Amino acid sequence: MRMMSVVVIAAVSVGSLGGAAFQANVTAQQVPSEQCGQVSAAQLRTTLYFGTARPKGTVSELEWQVFLRDEVTSRFPDGFTVWDAQGQWRAPGGTIDQERSKVLLLVHSDSATARAAIQELIGKYRQSFDQQSVLWETARVCVAS
């Protein structure tokens, strides 16, 4: 698990919080359903990192809230968590770039439907806000029921 933390930190450090041409799908150590016990269930925790800088300005708070309402809530109506972040990465030209970012945390079933919904979110965000990439990180977790 320690090595996984290093990989995730490295991916975030050099990756894309929206502006770099880097996309990652990191999967942590598997947690079998039986390890979750009787009072919890195996689920996936997906964290998406959305950069807010774009060629002509930034993604406004209103645009982000509309994206959450129209795109995220419709695909994940059971809930999610969002927070603000500051990202940094090495751009293709070698410069170090920084930007404000939004982090979206989802806990969901391990299903083709959920994976497709995540890919749709990424595609919609990239298209709507002129982004080269969105960092995608997924791990198995136990959720108390």
Given (1) of a type in the set (S, T, Y); (2) surrounded by fewer than 20 Cβ atoms within 10 Å (Cβ to Cβ); (3) within 30 Å of Q35 (Cβ to Cβ); (4) in contact with a helix residue (DSSP H, G or I) (Cβ under 9 Å, 6 or more places away or on another chain), identify the lone condition not met by Y49.
(2)
Result of the Cβ filter at 7 Å on the stretch 103-120, keeping first residues that are without any contact (Cβ under 8 Å) to a residue 60 or more places away in the chain and among the small types (G, A, S) and partners that are part of a helix (DSSP H, G or I) and crowded, with 16+ Cβ neighbours inside 10 Å, at least 6 apart or interchain, is A117/R75
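Just checking, how many residues over the stretch 109-131 are of a type outside the set (K, R), more than 11 Å from the chain's Cα centre (by Cα) and over 14 Å from V59 (Cα atoms)?
First, pick out the residues of the stretch 109-131 that are of a type outside the set (K, R): 109-114, 116-123, 125, 127-131.
From what is left, the residues that are more than 11 Å from the chain's Cα centre (by Cα) are 109-114, 116-117, 120, 123, 125, 127-131.
Pick out the ones that are also over 14 Å from V59 (Cα atoms) and you get 109-114, 116-117, 120, 123.
Final tally of qualifying residues: 10.
Conditions tested, residue by residue: (1) within 16 Å of the chain's Cα centre (by Cα); (2) assigned to a loop (DSSP other than H, G, I, E, B); (3) more than 20 Å from E137 (Cβ to Cβ).
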{"site": "L48", "(1), (2), (3)": "yes, no, no"}
{"site": "L62", "(1), (2), (3)": "no, no, yes"}
{"site": "R69", "(1), (2), (3)": "no, no, yes"}
{"site": "G79", "(1), (2), (3)": "yes, yes, no"}
{"site": "Q98", "(1), (2), (3)": "no, no, no"}
{"site": "S101", "(1), (2), (3)": "yes, no, no"}
{"site": "V107", "(1), (2), (3)": "yes, no, no"}
Looking at the stretch 104-124, can you tell me whether even one residue there is surrounded by 12 or more Cβ atoms within 10 Å (Cβ to Cβ), among the small types (G, A, S), touching an Asp or Glu at 6+ places or on another chain (Cβ under 8 Å) and at pLDDT 95 or above?
no
Does the stretch 75-90 hold any residues that are loosely packed, with under 14 Cβ neighbours inside 10 Å, modelled with pLDDT under 95 and closer than 26 Å to S60 by Cβ, and which are they?
G79
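The values are calculated or read from the model by the stated rules, or taken from the named source; none is laboratory data. Only a predicted model underlies this, so the values are computations on that prediction, with no experimental measurement involved. Backbone-built Cβ (ideal geometry, glycine too); neighbour counts: all protein chains shown.
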